[in-house]
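No value in this document is a laboratory result; all are computed from the given coordinates. Quick caveat, the model's predicted, so the values are computed rather than measured. Don't worry about glycine lacking a Cβ; one is built from the backbone with ideal geometry, like all the others, and counts go over all protein chains shown.
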Amino acid sequence: MSDSPDDPTFERVREQAAEALTESDAASLYVGLAGPDGQNEYYFANDVDDEELQEMAAQQLGMLTRVLAEQSNASIEQVTSQAAEMAKQMNVR
């Protein structure tokens, strides 16, 4: 996010996301919490059948990739390459 005074702050975005979680009828949910000390948490759930799961997961990943690329002034390819390398190194359970 830019430092422009017109852009929402971290706290405002966090509040908006929390409100959307309680008021939305979304069929797919992903929340990733990246802590400053390397402690990461994620919450991922889908209310779709097995045939739609891969498409829904790809949609979530695509949205996140697009936002991260735009906000970091990187290309989608750069973000996906870095994310793939990070995913290989993570020990997620």
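Give me the number: length gained by fully extending D37 to T22, i.e. 0.36 nm times residue separation minus the C-alpha to C-alpha distance, one decimal in nm.
Numbers: separation 15, 0.36 × 15 = 5.40 nm, distance 2.80 nm.
Going from the current span to full extension adds 2.6 nm.
Under the rule of -39500 (n - 2.57) per DSSP H run of 4 or more residues, summed and divided by the residues of the chain, what mean residue ellipticity at 222 nm is obtained, to the nearest 500 deg cm²/dmol?
On the way: 3 runs with 51 residues, N = 93.
One gets -18500 deg cm²/dmol as the mean residue ellipticity at 222 nm.
Tell me the label only: which of (i) 50, 34, 14; (ii) 41, 25, 21; (iii) 43, 35, 26 is Cα extents along the principal axes in Å as calculated from this structure?
Working out Cα extents along the principal axes in Å from the coordinates points to (iii).
State the answer as a single residue: which of A57, Q82, A26 lies farthest towards the positive end of the charge dipole of the chain, with beta carbon charges of +1 for Lys and Arg and -1 for Asp and Glu, about the Cα centre.
Positive-end residue among those listed: Q82.
Take the Cβ-Cβ distance between S81 and E11 as r, set R0 to 25 Å, and report the resulting FRET efficiency rounded to the nearest 0.05. Walk me through the numbers on the way to the answer.
Numbers: r = 31 Å, r/R0 = 1.24.
That pair, S81 with E11, gives E of 0.20.
Kyte-Doolittle cut-off -1.0, length cut-off 30 Å along the helix's own axis using Cα: show which whole DSSP H helices in the chain pass. Present the calculation step by step, with values, prior to reporting the outcome.
Details: long enough: 50-72 (33 Å, -0.40).
Within the chain the helices that satisfy the rule are 50-72.
Given Cα pairs under 8 Å that are at least 6 residues apart, what percent is the relative contact order of region 10-89? Provide the component values of the computation, followed by the final result.
Details: 43 pairs, mean separation 13.6, N = 80.
Once normalised by length, the contact order is 17 percent.
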